[in-house]
1. Please find, among Leu105, Leu138, the residue that is at pLDDT 90 or above and closer than 24 Å to Gln170 by Cβ.
2. For Leu171, indicate whether it is open to solvent by 60 Å² or more (accessible area, probe 1.4 Å) and of a type in the set (A, V, I, L, M).
3. Just one of the numbered conditions (1) in contact with a helix residue (DSSP H, G or I) (Cβ under 6 Å, 6 or more places away or on another chain); (2) in a helix (DSSP H, G or I) is not true of Leu255; which one?
4. Out of (1) part of a helix (DSSP H, G or I); (2) loosely packed, with under 15 Cβ neighbours inside 10 Å; (3) not basic (Lys, Arg), what's the single condition that is false for Asp160?
5. Do we find a residue being under 29 Å from Asn100 (Cβ atoms) and either at pLDDT 90 or above or of a type outside the set (Asp, Glu) (or both) anywhere in the range 15-30?
6. Considering only the range 204-227, state which residues are open to solvent by 100 Å² or more (accessible area, probe 1.4 Å) and either among the aliphatic types (A, V, I, L, M) or in contact with a helix residue (DSSP H, G or I) (Cβ under 8 Å, 6 or more places away or on another chain) (or both).
7. Taking the criterion of being in contact with a helix residue (DSSP H, G or I) (Cβ under 8 Å, 6 or more places away or on another chain), closer than 30 Å to Pro231 by Cα, touching a residue at least 12 places away in the same chain (Cβ under 8 Å) and of a type outside the set (S, T, N, Q), would at least one residue in the range 332-344 satisfy it?
8. Ala227 is checked against (1) in a helix (DSSP H, G or I); (2) of a type in the set (A, V, I, L, M, F, W, C); (3) over 30 Å from Ala323 (Cα atoms) and fails just one. What number does that condition carry?
Amino acid sequence: MKTIIATLLILFTGITLNAQTTINSVLASIEENNTTLKSLRESAEAQKLENKTGIYLENPEAGFNYLWGNPADIGNRTDFSIMQTFDIATITGMKSKAANKQNVLVEWQYKADRMNILLEAKQYCIDLIYYNALKKELDQRLQHAETIAAGYEDRLNSGDVSRLEYNKVQLNLTSVQGEISRIEVERNALLEQLKRLNGGTDILLEDWQYDDILLPLHFDDWFAQAAQQNPVLAYARQEIEISRQQLSLSKTMNLPTLSAGYMSEKVVGERFQGLSLGITIPLWENKNRVKQAKASVKAAESRETDSRQQFYNQLQILYNRTAGLKIAAEKYRQSLVTANNTGLLKKALDAGEISLLEYMVEIGLYYETINRALEAERDYQKAFAELSAVEL
């Protein structure tokens, strides 16, 4: 039982950093091999190219006319022209700036999707470490149960104990064996989930220790930093920037469009050539465009305010939950150190001071406490992982 206590203390206090390093390496592998992330990356690059499409000047227009004269003695007429249209939004680079802001938005969306996938993977890793630790604990219990079962079998053969007591010992042994089998099923399921996220490549994670994590002391100070890193909030802020850029672009679209070019006209004995200038006045085409752009800015600002408020409330709830789980885990740690009676119970059983039933009840209570302690630490780790997901 001293081995069990030592194991739990190492698990809780995070003496080594192997688990965190291993989790980071698993996440790095998943980020490299995850097929969904690859698809999202390629889609993002395609969207960026689409955003960069249509931001240049219109194609030049060339024209050629050959006109037959009537009557025939006046000869034929030949016209040639080439024109280029210039709009202010393209010349000043406003369309290019708008496209760049759209591409930043695409990147924030990719980062949000990436964060969700890596958070899912990290939660699986935390669960797997929990089951590894529980499996290690159950292996100790199995050895203990097998020792007692062997001893009671000898005592049964010598007539020292009844068949009823022997059956109780066997049931206890079977219970531990069944729990180990169940844990293996859960571990395999988690490994399959990680394999799925890793693009079909197996993941090996045998650690059973958690790293010591530090919960921020002041929520508001921590939130101010987290809000700047969160891709969802950054996406909302970027939408405001895009809407404001689109408003400026819409105002520019109300300015006249210019065109310039060269034109020549040739008839019998005469030729005319020179510059050609034109102007297009947007009287009706862009009606309500500026109003719509202003409404979009207002809507984007409202979405950003709502997103920030919702994010604040959700993180505050999660922060409080994480802090509560931290306290629960610490209490379990203390109780496992101060209330360990396993050695005394074994001596009392061997000396016949307590019955087998009393021993199993008492040791079962202690085992249940260990299970709850492992669960509390796992839940604390998972809550903190969700709370700090922006750091992935």
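The values are calculated or read from the model by the stated rules, or taken from the named source; none is laboratory data. No experiment lies behind these values; they were computed from the predicted model shown. Cβ: placed from backbone, ideal geometry, glycine included. Neighbour counts: every protein chain shown. Surface accessibility is based on the protein's heavy atoms, side chains included, excluding ligands, DNA and RNA. Shrake-Rupley method; radii C 1.70, N 1.55, O 1.52, S 1.80 Å.
1. Numbers: Leu105 fails: closer than 24 Å to Gln170 by Cβ.
When all the criteria are applied, what remains is Leu138.
2. Working: open to solvent by 60 Å² or more (accessible area, probe 1.4 Å): yes; of a type in the set (A, V, I, L, M): yes.
So Leu171 passes the test.
3. Of the numbered conditions (1) in contact with a helix residue (DSSP H, G or I) (Cβ under 6 Å, 6 or more places away or on another chain); (2) in a helix (DSSP H, G or I), the odd one out for Leu255 is (2).
4. Here Asp160 clears every test but (1).
5. Within the range 15-30, the subset under 29 Å from Asn100 (Cβ atoms) is none.
No, there is no match, as no residue in the range 15-30 is under 29 Å from Asn100 (Cβ atoms) and either at pLDDT 90 or above or of a type outside the set (Asp, Glu) (or both).
6. First, pick out the residues of the range 204-227 that are open to solvent by 100 Å² or more (accessible area, probe 1.4 Å): 204, 206, 214, 217-218, 221, 225.
Result: Leu204, Glu206, Leu214, Leu217.
7. no
8. All conditions pass for Ala227, except number (3).
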